[in-house]
Amino acid sequence: MTLQELKDRRTAYLAAELKILKSQEYSVGQGGSARRNRRAELEQVQTAIKELDAQIDAMQATATGGARRSYRIIPPLG
């Protein structure tokens, strides 16, 4: 997935989050023929946003050469 695709996806998730925050459930129609629709769970959408943020940050860091490296040093025994 490209950086732009990740950003576009994040934008879509932010829009979904806003809709959820405004109204978790809504009805279409009236009376017995009304259809009820429940939006996705807020927690799942927010988790996806955090994951996309991490992917975007990692991809941008790699593109700019600013990726952090970690090393694990294990001292010799004895």
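Only the coordinates and a few stated rules stand behind these numbers; no lab work does. Since the model is a prediction, treat every value here as computed from it, not as a measurement. Note that we place each Cβ from the backbone using ideal geometry, even for glycine, and neighbour counts take in every protein chain shown.
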#### Entry: Difference of contour (0.36 nm per residue) and Cα-Cα distance, Glu5 to Arg38
9.2 nm
### Task
List the GluC sites (Glu not before Pro) within the chain that fall in a DSSP loop (any state other than H, G, I, E or B) and whose Cβ has at most 12 other Cβ atoms within 10 Å.
Glu41
### Query
Which of these values of Kirkwood radius over Cα pairs in Å was calculated from the structure shown: (i) 12.6; (ii) 16.0; (iii) 17.8?
(ii)
### Summary
Relative to the chain, whose Cα atoms define the longest principal axis, helix 3-22 and its Cα axis are tilted in degrees, nearest 10, by 40
### Message
Under a crude label model (7 Å from the Cα following the beta-carbon direction), how far is Ala54 from Gln30 in nanometres?
### Response
4.9
